[in-house]
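**Q** Sharing a structure, written as structure tokens. Questions coming.
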Amino acid sequence: MIVVVDALNRHLFSDILDEMFLLRGRVFGGRLGWEVDVKDGREIDQFDSLDPVYVIGLDDEGHVVSCVRALQTTGPHMLSDVFQVLLDGEPPLRSSQIWESTRFCVDTERLTRDGTMKGVSQATCELMIGSLEYCRDAGVTDIVTVIDPVMNRVLKRSDNAPYDYLGSTHPMGKVPAMAALLDCSDERIDRVRAFSGIHHDVMASEEDVLALRAGLRAPMAA
């Protein structure tokens, strides 16, 4: 299930955000080796103070298993302020209808506890669907995102390939990175749903998420 956390409801989901930052620390500071600031296990940067939108995936138990951050390109964002080298001197895209998607990651450790990659694939596709549908409904026409070659292959395999790229590929930490463009169209969403077999509404209500997390925090009966 997917929950969207923004400036209006983040006070309800501080525990989910904390778990998300821990996941980002393990993925970007650990596995990928990106040059990011990790404090107390949490990866948080200056763009998290700009009231971005977080699209977060939860498993059936209520644990955070995936996340992505969306930020308007009309103000500061990573491609304009951190990853300028990827643009090869070209100016960054700026439009109220183009949003930047960054920090896309999944909890591969939790999702492979059954010994298969099925959970990773489903969580990845569910997060893609949730983020694309959120952006579409918010009037966003296109997403610009910084990805590595592995994520680029994941997008292509899930029938969600970028329609274009900006600049060129450059080394970032242990892996190279590139800037890619995706449209937020019904056709793209339908392709990902068809590939993954996910046809239900992936969005959870705030009430359902709060109830699920309350059960997660409840002490075990003796």
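The values are calculated or read from the model by the stated rules, or taken from the named source; none is laboratory data. These numbers were taken from a predicted model, which means no experiment stands behind them. A quick note on method: Cβ atoms are made from the backbone with ideal geometry, for glycine too, and the neighbour counts reach across all protein chains shown. Just so you know, the surface numbers come from the protein's heavy atoms only, side chains and all, with ligands and any DNA or RNA stripped out. Shrake-Rupley method; radii C 1.70, N 1.55, O 1.52, S 1.80 Å.
**Q** Given the options Ile129, Ile198, Ile16, which has the most mean-square fluctuation in a GNM of the chain, springs set between C-alpha atoms less than 10 angstrom apart?
**A** Of Ile129, Ile198, Ile16, the Gaussian network model singles out Ile198 as fluctuating most.
**Q** Quick one: pull the percent of accessible area on the chain belonging to carbon and sulfur, 1.4 Å probe, ligands and nucleic acids left out.
**A** Solvent-exposed carbon and sulfur of the chain make up 53 percent of the total.
**Q** I would also like to ask the following. Work out how far the C-alpha atoms of region 113-158 reach from end to end along every principal axis, then list the three figures in whole Å, largest first.
**A** So the extents along the principal axes, rounded to whole Å, are 40, 22, 14.
**Q** Let me ask something else about it. Taking all protein chains together and a probe of 1.4 Å, list Val85, Val144 from the most accessible to the least accessible.
**A** Val85, Val144
**Q** Can you check what the net charge comes to around Val53, using other residues whose Cβ is under 12 Å from the Cβ of Val53 (Lys, Arg +1; Asp, Glu -1)?
**A** That sum, taken over residues with Cβ under 12 Å, equals -2.
**Q** Under a cut-off of 28 Å between alpha-carbon atoms, report the lysines in cross-link reach of Lys156, not counting same-chain residues fewer than 8 places apart.
**A** Hits, sequence-local ones excluded: Lys118, Lys174.
**Q** How big is the equivalent ellipsoid of region 154-205 along its three axes, where each semi-axis is √(5λ) from the Cα gyration tensor, reported in whole Å from largest to smallest?
**A** After diagonalising the Cα gyration tensor, the semi-axes are 27, 13, 11 Å.
**Q** With a sphere of radius 14 Å drawn around the Cβ of Gln122, what net charge do the other residues whose Cβ falls strictly inside it have (Lys, Arg +1; Asp, Glu -1)? Can you show the working numbers first?
**A** On the way: positive: Arg110, Arg113, Lys118, Arg157, Arg193; negative: Asp59, Asp60, Asp107, Asp114, Glu126.
Spelling it out: positives minus negatives among the neighbours equals 0.
**Q** Defining a contact as two alpha carbons under 8 Å apart and six or more residues distant in sequence, what relative contact order in percent does the chain show?
**A** Working: 370 pairs, mean separation 47.2, N = 222.
21 percent.
**Q** Still on this structure, I have one more. So how far, in whole Å, is the C-alpha centre of region 96-145 from the one of region 31-69?
**A** When both Cα centres are located, 12 Å separates them.
**Q** Continuing with this model, one more query. Which parts of region 25-39 would a label at Lys174 reach, counting a residue when its backbone N lies under 15 Å from a point 7 Å out along Cα-to-Cβ?
**A** Answer for region 25-39: 25-36.
**Q** Mind listing the Cα extents of region 66-199 along all three principal axes, in Å, largest one first?
**A** 45, 35, 21 Å, listed from the longest principal axis down.
**Q** P(r) tail for region 1-74, what percent of Cα pairs lie past 19 Å?
**A** Numbers: 902 of 2701 pairs.
Considering region 1-74, 33 percent of its Cα-Cα pairs are separated by more than 19 Å.
**Q** How big is the accessible area of Arg26 in square angstrom, nearest 10, if you roll a 1.4 angstrom probe over the protein chains?
**A** Roughly 120 Å² of Arg26 is accessible to a 1.4 Å probe.
**Q** Given a 1.4 Å probe and the protein chains all in place, what does the accessible area of Tyr165 round to, in Å² to the nearest 10?
**A** 80
**Q** Moving to a separate point now. Students sometimes get this wrong: rank Leu166, Leu127 by accessible area, probe 1.4 Å, all chains present, largest first.
**A** Working: Leu166 35, Leu127 0 Å².
Listed by decreasing accessible area, they come as Leu166, Leu127.
**Q** Also: If you take the Cα Rg of region 42-135 and divide it by 2.2 N^0.38 Å, with N the number of residues, what do you get?
**A** Relative to the 2.2 N^0.38 Å estimate, region 42-135 comes out at 1.23.
**Q** Please report the net charge: other residues with Cβ closer than 12 Å to the Cβ of Val4, K and R +1, D and E -1.
**A** Value of the local net charge: -2.
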